[in-house]
Amino acid sequence: MAGFTHTVALLSLLTITAFISSFVVSQPPLDAVEQESVYRILESVNSGIPWRSLFPDDLCSSSPHGVVCDYFSDASAASDGPGTPHVTELSFGYVSDYSPNPPCDSNSTIDPSLLVPLSHLRKLFFYKCFTQTQVPFPDFSSLSSQNRSASLEELVFVENPGLVGSLDGKISNLRSLRRLVLTGSGVSGGISDGFGELVNLEQLTVSRNKLKGRIPEILKGLKSLEFLDLSYNSFGSFGVPLFLAEMPSLKEVHLSGNILGGQIPEIWGNLGGIKGIGLSGVGLVGDIPKSMGVHLRNLCYLGLDNNSLQGAVPEEFEDLEFVSELNLEKNNLSGRLPFSAGFLSKLGGKLKLEGNSDLCIDEALRQSSGTVLSGLIDINFHMNCSSTLKCEDEGIPDSCARTSEKTKATFMAIILEMKLVDVF
C-alpha cells in the first residue's frame with residue numbers, strides 16, 4: 001500500500017511538472033530523433049510509466065524533472081533567435097521531492113547506443129536505479145570520438161549494487177569527462193590503463209566497489225585531477241602509492257578501507273595544496289612523518305585511524321592552521337600529546353585520539369580552563385597512559401601526568417556535569 005501511494009505521488013509530481021511546463025513561451029522544437037531517443041531511454045529506466053502520453057509535446061518545453069535542455073547557436077538558426085534546442089542532462093532515480101527525477105524500477109536498464117543521437121549531452125546521472133537485477137556496467141565505447149556524445153562531461157552512478165562487471169575498455173573514449181563517480185556498486189576487476197586517457201578528469205570517485213589489484217601508476221598522468229577517492233575496495237598490499245607525489249593538483253585523496261600496508265611515505269613536499277587525506281584502516285605501520293605537518297599547510301582533514309601506527313604524535317601538526325578534523329584513533333601512538341590548549345579548543349570534538357593507551361597529557365594542560373577540558377572529553381581522549389610505563393622512559397618530563405582510572409572517571413563525570421549545565 002505504501003509503495004502504491006509513493007508511485008501515485010511520483011506520477012502526480014510528473015503530471016504537475018508537465019502541466020507547468022506547457023506554459024513555456026514557444027521555442028524551436030527538439031529534433032525528432034533526439035526526442036525519440038529520450039523516450040526510449042525513459043522507457044528503459046521505467047517501463048511502467050506512460051512517458052509518451054504524460055509528455056506528448058516537445059521535451060525541451062515539457063519534460064520530467066531530470067531531463068534538461070539548452071539552446072545552441074548554429075548556422076541554421078536565426079541570428080536573433082534562441083538557437084537550436086538539445087538535451088544536455090539526463091538524471092534518473094528519485095532523490096527527493098526537491099529532486100523528483102524519473103523513478104527507476106526493478107528492471108531498469110541502460111543501452112549507451114540510445115545516447116548516440118544526444119550530441120550535446122553533458123551529464124548522465126543514476127541514483128539507486130540498478131539495485132535488484134544485475135546489470136553489466138554499460139559499454140560507452142559505442143560513443144565513438146567521431147560522435148559528439150563522446151564529449152560527456154559528468155558520468156555519475158550512486159548506490160547501484162546491481163551494476164556489475166569490469167570497467168575495462170568501457171569508458172576510456174569519454175575523453176571530455178571531468179567528473180566520474182561510481183560509488184556503491186558491484187563493479188569488479190582493476191583500474192585499467194584506459195583510465196589514463198581521461199586526461200580532463202577533475203574528480204575520480206570509484207569508492208565502495210569490488211575493485212582489486214594495484215592502484216595503477218597510470219593515474220599520475222591525470223594532471224587536472226583534484227579529487228581522488230578509491231576508498232573501500234580491495235586494492236592489494238602495495239603500500240600508499242608513491243606516484244601521488246607527482247600529482248600536485250590534488251586537493252583530496254581518499255584510500256581508506258583498502259589494505260595497502262607499509263609505512264606512510266615521505267611524499268608530501270609537492271602536495272601542499274591538499275585539503276583532505278583519508279588513510280583510515282589501510283594497515284599502516286611505523287611512525288607518522290613530521291613532514292606531513294611541515295608541508296600540508298592547507299590540510300583541513302586527516303584520517304589515520306584504525307591502523308598500527310606507533311611513536312609520537314608530530315608536534316608539527318600544531319602548525320596546521322586550517323585543520324578542522326584530525327582522527328588518530330585506534331593506533332599504537334605513545335608519548336606526550338604535543339598540542340596547546342588553543343589547538344585542542346579549535347578542534348574540539350574533531351580531534352580523535354581514543355584507543356591509544358600510551359598517550360599522555362601534560363599536568364599543566366590537564367589543569368587548564370574548563371572550556372579546554374570539556375573539549376578533551378569531546379575528543380574521546382581518555383588520558384590513561386599505561387600505568388606500568390613511566391613518562392621518563394619515553395623521554396617525557398615528569399610534568400607529564402598519568403591519571404588513574406578512578407581519577408579519570410571522576411574528572412570526566414565533573415566535566416560532563418558542567419556540559420549538561422551549559423545545555424540546560
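The values are calculated or read from the model by the stated rules, or taken from the named source; none is laboratory data. Note that the coordinates shown come from a computational prediction; the quantities given were computed from them, not determined experimentally. Don't worry about glycine lacking a Cβ; one is built from the backbone with ideal geometry, like all the others, and counts go over all protein chains shown. Note: accessible area is taken over every heavy atom of the protein model, side chains too, but ligands, DNA and RNA are not part of it. Shrake-Rupley method; radii C 1.70, N 1.55, O 1.52, S 1.80 Å.
A few notes on this one:
- Of the chymotrypsin sites (Phe, Trp or Tyr not before Pro) in segment 283-367, the ones in a loop by DSSP (not H, G, I, E or B) with at most 14 other beta carbons within 10 Å are F322.
- Net length gained if the chain between S324 and E202 were fully extended (0.36 nm per residue, minus Cα distance): 41.5 nm
- Estimated from the Cβ-Cβ distance and a Förster radius of 56 angstrom, the FRET efficiency linking K290 and R40 is about 0.40.
- Amide H contacts of S334: G311, A312, V313, each under 5 Å away and 5 or more positions distant or on a separate chain (H built 1.01 Å from N in the peptide plane; Pro and chain starts excluded).
- Sites R175 and A32, calculated FRET efficiency, Cβ-Cβ separation with R0 35 Å, nearest 0.05: 0.75
- Here the simple spin-label model places points 7 Å from the Cα toward Cβ, and for S357 and T109 these points are separated by 5.8 nm.
- For S340, the shell of other residues with beta-carbons less than 14 Å away shows a net charge of -3, using +1 for Lys and Arg and -1 for Asp and Glu.
- Residues within the reach of a label modelled at F243 (point 7 angstrom out along Cα to beta-carbon, backbone nitrogen below 16 Å), restricted to segment 175-190, are 190.
- Pairs from K210/K330; K275/K350; K123/K275; K212/K330; K275/K346 whose Cα-Cα separation, in the structure shown, is over 19 Å: K210/K330; K123/K275; K212/K330
- D57 - accessible surface, heavy atoms, 1.4 Å probe, Å² rounded to 10: 90
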